[in-house]
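Everything on this sheet refers to the single structure shown next.
Please treat every number below as a calculation from the coordinates, not as lab data. Owing to the predicted nature of the structure, the values given are computational and were not obtained by experimental measurement. Ideal geometry is used to build each Cβ from the backbone, glycine not excepted, and the neighbour counts take in all protein chains shown.
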Amino acid sequence: MTNKNLTTNEELILKATEYARSLLKIDKDLWVFINEINHFKGIEHSALYDKDNFLIRYNKEWLKTARKENVIKTAFHEVFHVLQHACIVEADLGMDHGIFTKEELEQMKHEFLDENYSMEQGKYENLLIEVQAESFAYALYEQVKDKL
């Protein structure tokens, strides 16, 4: 996947995204973009999962100075949001993969709603969807960090 037009961190975040996507069995057609800063709240806003379009956006400006560990964890975190959202959609269609409890699915569905999602410091970190994504990213990074 080497592309001479990508920076090292851009290549790394795409590879980490693909690794997590494959591990979690997320559809290969998941769209991933490295976007300019105008898609984000600022340079410190590393990435986002765009649930309305089922795609991940990474902040090109953030990637320029991000540490390798943060790049990898960010990719793992965002891919986990894709899994959460897919499980919510599938549960609404009557499918249950047993990954999350019904209570977790209901809470995640509530938290994914725009009017309930908060980027405010002190609230964001306590959302179940964020706690789960951070825990997954940390655990997976700990498993693979020595292999990178």
Which whole-number percent gives the relative contact order of the chain, counting Cα pairs below 8 Å spaced six or more residues apart? 22 percent
Exposure proxy check: SER22, SER46 ranked by fewest other beta carbons within 10 Å? SER22, SER46
I'd like the projected area of the stretch 52-100, averaged over all directions, using the convex hull of its alpha carbons. Report it in nm² with one decimal. 4.2 nm²
Write down the Kirkwood hydrodynamic radius of the chain, to one decimal in angstroms, obtained as one divided by the mean of 1/r over all alpha carbon pairs. 15.9 Å
Can you pick out the pairs among LYS28/LYS123; LYS41/LYS64; LYS25/LYS123; LYS73/LYS123; LYS15/LYS123 whose Cα atoms lie more than 23 Å from each other? LYS28/LYS123; LYS25/LYS123; LYS15/LYS123
At 0.36 nm per residue, and after removing the present C-alpha to C-alpha distance, how many nm does the segment from GLU11 to LEU93 gain when stretched out fully? 26.0 nm
